[in-house]
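Undergrad: I'd like to ask some things about the structure below.
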Amino acid sequence: MNAHLRPPRTRRAALAVHRWGVPAVLAACLLSAGCTQAIPGEATVARAGTGPAGEEYVNLLRECTVVPTETIAEAVGVLGVYSTFSGAVCRWVSLDGDTDVQLNWFESGTVHREKAVAERLGYTVEAVRVAGASAYVMRPPDDPASCGAVARAGESGVVGWWVHGVRTDPCAAARKLVELSINRAL
């Protein structure tokens, strides 16, 4: 189509792009060039566990071993368990696959925060004492085979255990695991 046959609106838009587009692109290039800088030295690949950050977390997964697997199995009433995950939440599954056990240990958590979350989720929450410490037992309303227990861990933080699928009382098992954790952490 010839330029003189285009609608006036399109011609104006094309002129605006032509007039301001080139200076805008040049300005963007100059600004981005002004924001870069060369850093002297040689780039190297970071290695896990090196330097101050790696040294700070040397015991990161130690919480998962606070209660031995044989003791976890005994507490939940199964023949044995195996670990399926370690990290912020440690998990075990019974050898028959019917029972799940989870440990969470949060250094900056509080039992009151855990209680508030459980209440918001509609869980039944009961105040109890475990190994002389204030604790809570939490149970989801639609799953009688699941129960969690949480207590303060040492000077700061919170330790919690969730048990699902045991043939005995899951709350008794969760309380026992919290007690074992508290006794080993002190």
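The values are calculated or read from the model by the stated rules, or taken from the named source; none is laboratory data. Please read these numbers as outputs of a predicted model, since none were measured by experiment. Here the Cβ is made from the backbone with ideal geometry for all residues, glycine too, and neighbour counts use every protein chain on show.
Undergrad: For the structure I just gave you, tell me whether R91 is basic (K, R) and over 20 Å from Y136 (Cβ atoms).
TA: Yes.
Undergrad: Here's something else I'd like to know. With respect to A116, determine if the residue is touching a Phe, Trp or Tyr at 6+ places or on another chain (Cβ under 7 Å) and either among the charged types (D, E, K, R) or surrounded by fewer than 14 Cβ atoms within 10 Å (Cβ to Cβ) (or both).
TA: So A116 fails the test.
Undergrad: Report every pair of residues separated by at least 6 positions or lying on different chains whose Cβ atoms are under 7 Å apart, first residue within the range 138-151 and within 16 Å of A75 (Cβ to Cβ) and in the same structural domain as A127 (by TED's automatic domain parsing), second in a loop (DSSP other than H, G, I, E, B) and modelled with pLDDT of 95 or more.
TA: Once the first residue is within 16 Å of A75 (Cβ to Cβ) and in the same structural domain as A127 (by TED's automatic domain parsing) and sits in the range 138-151, its partners that are in a loop (DSSP other than H, G, I, E, B) and modelled with pLDDT of 95 or more give S146/P140.
Undergrad: Sort out which residues of the range 152-168 are modelled with pLDDT under 95 and touching a Lys or Arg at 6+ places or on another chain (Cβ under 9 Å), and write them in order of number.
TA: V158, V159
Undergrad: Right, something else. Please report, ordered by residue number, the strands (runs of 3 or more DSSP E) entirely within the range 105-180 with at least 2 residues that are on the phi < 0 side of the Ramachandran plot and over 24 Å from the mean Cα position of the chain (by Cα).
TA: Correct list: 124-130, 133-139.
Undergrad: Right, T84: assigned by TED's automatic domain parsing to the domain that holds R167, over 18 Å from L177 (Cα atoms), among the polar types (S, T, N, Q) and free of Cβ contacts under 8 Å to residues at least 40 places away in the same chain or not?
TA: In short, no.
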